[in-house]
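Sending over a structure as structure tokens; questions will come in a sec.
The values are calculated or read from the model by the stated rules, or taken from the named source; none is laboratory data. Predicted model, so just to flag it, every value in this text is computed and none were measured. Please note: Cβ atoms are built from the backbone with ideal geometry, for glycine as well, and neighbour counts cover all protein chains shown.
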Amino acid sequence: MTREGISKYPTPGLTPVRLRALDAQSEVLPYALGFFGMTLPVFVWAGAYADNAVWMSAIFIQFSLNWAAFYAAVNRHRRTPVADERTRWALHIGGGLLWALTVAEIAVFGAHAGHAGGVILGIDVAAAVACMFFTSASLPTLAVVGPAAAAAPLIALFSRPTDHAAAITASGALALAMALCLILNRILRRHLALAGEHEALMVERAKSLAEAEKATTSKSKIIATLSHEIRNGLTGVAHVLAAAVGAGGRSAPSRAQLSAALTSANELLETLNATLDTETAGSGRLKVATRPFDPAAMARTVVLLSRPHASAKDLELSLLIDAAFECRTSGAALGDPARVRQVLANLIGNAVKYTARGQVEVRVQPFDAARIRIEVADSGPGLSPAELARAFEPFARIERVGLGLPGAGLGLSLSRELARLMGGEIGAESALGVGSRFWLDLPYDPAIAVPAEAGEAGEPAYPKFEAAQPGARSLRVLVAEDDSLNAAVLRAVLEQLGHQVVHAHDGRRALELAEFCHFDLIMLDGRMPHLTGPETAREIRTLTGAARETPIIAVIGGDADEAEACLAAGVEEVLRKPVTVAAVARAVAAAVRQDRERASPEPVPEPEADPGYAERSVG
């Protein structure tokens with residue numbers, strides 16, 4: 001294993017033991033060299049008395065070739081590890097057979113060496129044992145090289161009548177050596193397996209450390225970003241509230257101050273939501289619900305919402321829709337409409353925020369047969385290639401263009417992750433002093449019927465409710481909310497819509513009131529003490545009588561998992577915080593409509609959409 005703790009094998013921990021045999025053989029190379037150095041003087045001394053001493057020169061040449069080939073193979077393996085099993089076996093067995101060939105040459109030399117042959121063949125038997133020992137790391141190599149190395153000296157000894165006793169002794173010695181090498185192979189295999197497990201643990205440890213460092217860095221950035229944004233946003237809001245209550249003798253806040261405070265609060269909410277979504281995406285828990293939607297209608301909605309901000313900066317915000325999307329009867333983009341709106345709002349919002357003068361243009365056009373592209377082009381300051389790459393990193397802000405502007409640096413990184421989850425892609429190009437162009441590519445199916453005109457999240461639009469409409473029935477609503485400020489806001493909204501409100505401070509009290517009092521609608525906070533929103537809804541659905549059929553709306557501030565838990569508990573609608581009058585009105589209308597559909601077999605007509613309405617915050 002390398003010093004950095006990363007395996008040199010493609011699959012650390014899963015690498016077969018046999019792939020490590022060449023490593024083991026290369027590690028014992030110095031010991032082989034020591035053995036060679038100790039036996040060489042004896043061999044040269046005995047060979048000097050041989051009848052065919054010239055033959056020893058050929059053996060020395062073979063020695064040189066063997067060492068050169070073996071060192072070349074080992075050095076190549078150290079520089080570029082060989083992961084292929086067959087190649088490793090070829091190197092291992094080939095190297096062993098080279099030395100078995102040398103043992104055979106020594107055997108021929110000893111068989112014709114006259115009176116010095118006995119000593120030379122004894123050295124040759126030791127050399128055969130050495131071949132067995134140094135190939136014992138690999139069982140296939142030992143099975144091939146061991147017998148090949150032992151055969152030549154035994155044949156030579158048995159061919160000399162004077163050495164029959166030595167031949168029998170050598171046979172026993174070689175058999176014993178082979179058995180010991182098999183035992184050694186078994187031990188080495190266990191050792192190499194433990195080494196592989198240790199390497200896998202080290203790799204996993206390094207990976208865990210890297211993930212922990214990444215999580216720590218991410219949390220530090222989150223804390224730093226939120227502390228800065230919350231401090232700035234809440235300072236402005238607190239200043240306006242202090243003026244509103246007359247603290248310090250200040251006069252009542254002006255409309256401009258109230259507008260600035262509202263803007264700060266909204267920006268703070270956007271930062272918090274983006275931070276939560278980023279953390280959810282980082283942990284792999286961010287989910288999207290893919291369904292067809294009209295991309296042109298989606299773009300119109302987001303542009304309409306962004307137009308006041310552009311007008312305040314005297315920017316021209318235009319929308320261009322390709323003729324291919326006009327007068328068509330089929331074709332829809334595929335994605336999570338709420339998330340697509342979030343991505344487009346971020347791209348258009350960034351263009352408006354960072355463009356000081358000129359225009360912002362939004363284009364909806366087909367990209368190819370299976371994808372649609374929504375582009376946002378601006379005449380802003382532009383970004384260099386390095387700045388553009390950095391802009392997509394979490395918590396990264398370009399100081400040159402963003403100095404003094406609010407934001408956490410999460411919008412683009414989160415938008416890219418959302419696009420990826422929906423099977424799409426976000427790209428960009430920019431030029432300094434010219435402007436930038438960002439685009440969102442999404443899957444497109446030309447065979448799907450064009451969805452009906454939709455609100456901002458791509459769902460059916462509900463009528464606009466600013467107050468109780470003439471003839472509308474006043475509902476008796478039970479609100480379960482443990483936060484007094486949220487409860488006051490929700491009460492004010494419901495009373496503005498003309499409904500009567502009863503407040504319960506937790507889920508247990510809400511369950512008691514629902515059991516003994518009649519309510520037309522129940523609104524539950526998702527997270528409450530004693531009983532959570534889903535738990536309270538589940539208990540209400542087990543009551544007897546009319547209470548169990550009361551429509552329920554869950555008011556949550558969490559992610560998709562919390563919404564799914566509420567729906568699984570039996571609620572009709574899910575409403576996300578912060579709530580607005582229009583959002584509550586739509587949720588109430590939808591919940592009551594579902595209740596009527598359940599109670600009446602007659603179909604209830606869909607409410608007509610208000611084309612002038614373009615803001616919505618229902619989750």
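Can you confirm whether GLY424 is more than 20 Å from LEU315 (Cα to Cα), at pLDDT below 85 and buried (at least 22 other Cβ atoms within 10 Å of the Cβ)?
The answer is no for GLY424.
Now a separate question. Only residues that are assigned to a helix (DSSP H, G or I) and either of a type in the set (Ser, Thr, Tyr) or in contact with a Leu (Cβ under 9 Å, 6 or more places away or on another chain) (or both): list them for region 418-434, please.
LEU418, ALA419, LEU421
I've got another one for you. With respect to the numbered conditions (1) at pLDDT 90 or above; (2) more than 25 Å from TYR444 (Cα to Cα); (3) not basic (Lys, Arg), which one is the sole condition not fulfilled by GLU387?
Condition (1) is where GLU387 drops out.
How many residues are within 15 Å of ALA299 (Cβ to Cβ), of a type in the set (Lys, Arg) and not in a strand (DSSP E or B) when one looks only at region 340-370?
Of the residues in that region, 1 qualify.
Is it the case that LEU347 is crowded, with 23+ Cβ neighbours inside 10 Å and at pLDDT 85 or above?
In short, yes.
I'd like to check which strands (runs of 3 or more DSSP E) are fully inside region 468-531 and have at least 1 residues that are closer than 17 Å to ALA590 by Cα.
Of the strands (runs of 3 or more DSSP E) lying wholly inside region 468-531, those with at least 1 residues that are closer than 17 Å to ALA590 by Cα span 476-480, 521-525.
Of all residues in region 294-341, which are at positive phi and of a type in the set (Phe, Trp, Tyr)?
Result: no residue meets the conditions.
Please determine, by comparing only the residues of region 307-341 that are modelled with pLDDT under 85 and of a type in the set (Ser, Thr, Tyr), which one is nearest to LEU440 (Cα to Cα).
Out of the qualifying residues, it is SER330.
Of the residues in region 314-339, how many are surrounded by 15 or more Cβ atoms within 10 Å (Cβ to Cβ) and not in a strand (DSSP E or B)?
Selection size over region 314-339: 6.
Sticking with this one: So, in region 368-390, how many residues would count as being surrounded by fewer than 16 Cβ atoms within 10 Å (Cβ to Cβ) and under 27 Å from the mean Cα position of the chain (by Cα)?
So the answer is 5.
Okay, residues lined up against (1) in the same structural domain as TRP99 (by TED's automatic domain parsing); (2) surrounded by fewer than 17 Cβ atoms within 10 Å (Cβ to Cβ); (3) touching a residue at least 60 places away in the same chain (Cβ under 8 Å); (4) not acidic (Asp, Glu):
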site	(1), (2), (3), (4)
ALA127	yes, no, yes, yes
PRO153	yes, no, no, yes
LEU157	yes, no, no, yes
ILE183	yes, yes, no, yes
LEU192	yes, no, yes, yes
GLY196	yes, no, yes, yes
